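S.K.: Before I ask anything, let me first share the structure, which is written out below as structure tokens.
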Amino acid sequence: MAERRRSFNVTEQANVPTGRNGKHKTITTNILDDLEGLETGKALKIPLSELPDTKVNIRSALTRASHKIGKSVGTAADDDYLYVWNL
């Protein structure tokens, strides 16, 4: 029997990535790692100029990532910094 012509390439299913590594994974992972063991009453002070995207997008990504691992974090921002702390 002749093989059917396909519009797209074919690969083994074992080669298909199953996890999603979004564009904010590195920054959110770094922030969540830095929060581990942070003293009560302390917050990370992250310069907005060092963020790879807008503070709104980073805060959203951080909220999604923290919920995914069951961690509660608080955030605030001013004109220059994003502040993140453990709740």
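S.K.: Out of segment 1-27, which residues are of a type in the set (Val, Ile, Thr) and open to solvent by less than 90 Å² (accessible area, probe 1.4 Å)? Lay out the reasoning, then the answer.
M.R.: In the first step, residues of segment 1-27 are kept if they are of a type in the set (Val, Ile, Thr); the result is 10-11, 16, 18, 26-27.
Across segment 1-27, the qualifying residues are THR11, VAL16, ILE27.
S.K.: Before we move on, is ASN30 at pLDDT 95 or above and either open to solvent by 70 Å² or more (accessible area, probe 1.4 Å) or among the basic types (Lys, Arg) (or both)? Talk me through it step by step, then tell me what you get.
M.R.: On the way: at pLDDT 95 or above: yes; either open to solvent by 70 Å² or more (accessible area, probe 1.4 Å) or among the basic types (Lys, Arg) (or both): yes.
When the stated conditions are applied, ASN30 passes them.
The values are calculated or read from the model by the stated rules, or taken from the named source; none is laboratory data. Predicted model, so just to flag it, every value in this text is computed and none were measured. Keep in mind that these areas ignore ligands, DNA and RNA; they rest on the heavy atoms of the full protein, side chains included. Shrake-Rupley method; radii C 1.70, N 1.55, O 1.52, S 1.80 Å.
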